[in-house]
Amino acid sequence: MRVAVIGGGIAGAELVRVASPCPLDFVLIEPKKQVEMQALYPEYLGGIARLQDLAAPLKPFCERVGATHIQEKALSIEGSSVVCEKSQVDFDYCVVATGQLRITSASRGWRTPSPSTHWRRPRGRAALWRTTIRRGS
């Protein structure tokens, strides 16, 4: 069974790490080469952590846990496929772990969607996308 994980931040990488003993084929879709551990910023500022401790390369991580890293931006989900910039990833399950987005508006002030809420822009307007785990057809 193939699981596409969109987003290689802390949530996406941790999901792949924890679930890697399961008999699943994980594909981590993340355009960055590394995961940044923002939770360690206070330790860095306090002199406890080093700058190189704040990031971990995704390629060796994926090799160690038996996952595939697709270093591209996910553009859309169509049926049971994730369409990326240069490729397409078929899946049985898809997990969207793209993190949190802070949006500002002069008339409404700051709004912070919950971590399980994802934004996409269909036809030029923002819409909430609350489906974080999706089963392929």
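Cβ-Cβ contacts under 8 Å between residues 6 or more apart (or on different chains), taken from a first residue in segment 22-45 that is more than 20 Å from Leu75 (Cα to Cα) to a second residue that is part of a strand (DSSP E or B) and modelled with pLDDT under 90, are listed as Glu36/Ala55; Met37/Ala55; Met37/Ala56. Here Val89 meets the list (1) touching a residue at least 24 places away in the same chain (Cβ under 8 Å); (2) in contact with a Leu (Cβ under 7 Å, 6 or more places away or on another chain); (3) β-branched (Val, Ile, Thr) almost entirely, failing just condition (2). Checking the stated criteria, Ala67 turns out not to satisfy the condition of being closer than 15 Å to Ile10 by Cβ, in contact with a strand residue (DSSP E or B) (Cβ under 8 Å, 6 or more places away or on another chain) and among the small types (Gly, Ala, Ser).
The values are calculated or read from the model by the stated rules, or taken from the named source; none is laboratory data. All values derive from a computational prediction rather than experimental measurement. Every residue, glycine among them, receives a Cβ derived from its backbone with ideal geometry; neighbour counts consider all protein chains shown.
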